[in-house]
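This report refers to the structure that appears directly beneath it.
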Amino acid sequence: MPATLSRFTPVPLEQASRLLNHGPTVLVTSAAGGRRNIMSAAWSMPVEFSPPRLAVVIDKHTYTRELVMASGHVGICVPGAAFADKAYAVGSSSGRDLGARDKFDAYAIPTVTGPVLGLPLVEEGVAAWLECRLIPEPHTEAAYDTCFVEVVSAAADPRVFAGGHWTFDEGNADLHTLHHLGAGVFVCAGRTVRAKPLA
Ligand SMILES: Cc1cc2nc3c(=O)[nH]c(=O)nc-3n(C[C@H](O)[C@H](O)[C@H](O)COP(=O)(O)O)c2cc1C
């Protein structure tokens, strides 16, 4: 039974690109035909402010890709530091191999239900999520495994993202976003540097 939407607050669509602007590793969630799944993706980015559009690489051999192509829907969740073990686990196993179970159950990842597309989304240990519709681009998908999507709803934990801005401080360290260095090693977003105009 999905938990109710918790402390997350809606993010206006015109601010949605900010959620991925700094290149965090994301969780890609999907559902089709009564099946659901989650995998990690280090390769995603905004490609348009308005309407908010993203690109995400989803390998054609993944179970995620199968469900995304069947449903036309893609969930993107932005995990925090406390989610590192689970982010690596869901990126190192396939939902195809679990039989009747799925990775949410196997790794004890509670979900909420997306308000627009009904996607399984993660809030526990996560800083933000976005519900997206696939923009079909058969050549790009086939040749580069790159899927373009349009964001239709987004929300974030206001302890770390509010008013269109991230705040990373000592008080929200568990929600500092993950950036994959490779082989299960991540660096967290943290130190903020504000550019000043040059004289
Ligand atoms: C940190 C991390 C980042 C990853 N990034 C990507 C990515 O950007 N694109 C991709 O297709 N696979 C990526 N993977 C691999 C998939 O998550 C992996 O193939 C996964 O097992 C697919 O699961 P599924 O078959 O249940 O969909 C990544 C894995 C990890 C651990």
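So which of 148, 168 is crowded, with 17+ Cβ neighbours inside 10 Å and either part of a loop (DSSP other than H, G, I, E, B) or out of contact with any strand residue (DSSP E or B) (no Cβ under 9 Å at 6 or more places or on another chain) (or both)?
Details: 148 fails: either part of a loop (DSSP other than H, G, I, E, B) or out of contact with any strand residue (DSSP E or B) (no Cβ under 9 Å at 6 or more places or on another chain) (or both).
One residue alone meets the criteria, 168.
Inspect the range 174-187 for any residue being more than 16 Å from the ligand (Cβ to nearest atom), surrounded by 12 or more Cβ atoms within 10 Å (Cβ to Cβ) and at pLDDT 95 or above and give the result as yes or no. Give the steps one after another, and end with the answer.
Restricting attention to the range 174-187, the residues satisfying the condition of being more than 16 Å from the ligand (Cβ to nearest atom) are 174-175.
Now restrict to residues that are surrounded by 12 or more Cβ atoms within 10 Å (Cβ to Cβ): 174-175.
Remaining after also requiring at pLDDT 95 or above: 174-175.
Yes, that holds for at least one residue.
Please go through the range 22-65 and pick out each residue that is among the acidic types (Asp, Glu) and within 8 Å of the ligand (Cβ to nearest atom).
Within the range 22-65, just 59 meets the criteria.
Please name all residue pairs, on different chains or six or more residues apart, with Cβ atoms under 6 Å, provided the first residue is in the range 82-93 and is more than 9 Å from the ligand (Cβ to nearest atom) and the second residue is part of a helix (DSSP H, G or I) and modelled with pLDDT of 95 or more.
82/174
Taking residue 129 as meeting all but one of (1) among the aromatic types (Phe, Trp, Tyr); (2) over 15 Å from the mean Cα position of the chain (by Cα); (3) within 20 Å of residue 9 (Cβ to Cβ), write down the number of the exception.
In the conditions (1) among the aromatic types (Phe, Trp, Tyr); (2) over 15 Å from the mean Cα position of the chain (by Cα); (3) within 20 Å of residue 9 (Cβ to Cβ), residue 129 misses (2) alone.
Filter the range 23-37 down to the residues that are closer than 15 Å to residue 132 by Cα and within 8 Å of the chain's Cα centre (by Cα) and list them by number.
Listed by number, the residues that qualify are 26, 27, 28, 29.
How many residues are of a type in the set (D, E, K, R), closer than 15 Å to residue 54 by Cα and surrounded by fewer than 19 Cβ atoms within 10 Å (Cβ to Cβ) if we restrict to the range 7-28?
The first filter runs over the range 7-28 and keeps only residues of a type in the set (D, E, K, R), leaving 7, 14, 18.
With closer than 15 Å to residue 54 by Cα added as a condition, the list becomes 14, 18.
Retained after the next criterion (residues that are surrounded by fewer than 19 Cβ atoms within 10 Å (Cβ to Cβ)): 14.
Of the residues in the range 7-28, 1 are of a type in the set (D, E, K, R), closer than 15 Å to residue 54 by Cα and surrounded by fewer than 19 Cβ atoms within 10 Å (Cβ to Cβ).
Taking residue 199 as the residue in question, decide whether it is among the hydrophobic types (A, V, I, L, M, F, W, C), assigned to a loop (DSSP other than H, G, I, E, B), free of Cβ contacts under 8 Å to residues at least 24 places away in the same chain and loosely packed, with under 14 Cβ neighbours inside 10 Å.
For residue 199, the condition - among the hydrophobic types (A, V, I, L, M, F, W, C), assigned to a loop (DSSP other than H, G, I, E, B), free of Cβ contacts under 8 Å to residues at least 24 places away in the same chain and loosely packed, with under 14 Cβ neighbours inside 10 Å - is met.
Out of the residues in the range 94-129 that are surrounded by fewer than 19 Cβ atoms within 10 Å (Cβ to Cβ) and β-branched (Val, Ile, Thr), state the one that is nearest to the ligand (Cβ to nearest atom).
It comes out as 113.
The values are calculated or read from the model by the stated rules, or taken from the named source; none is laboratory data. Note that the structure is a prediction, hence the values are computed from the model and not measured. So basically every Cβ, Gly included, is an ideal-geometry build from the backbone, and we count neighbours across all protein chains shown.
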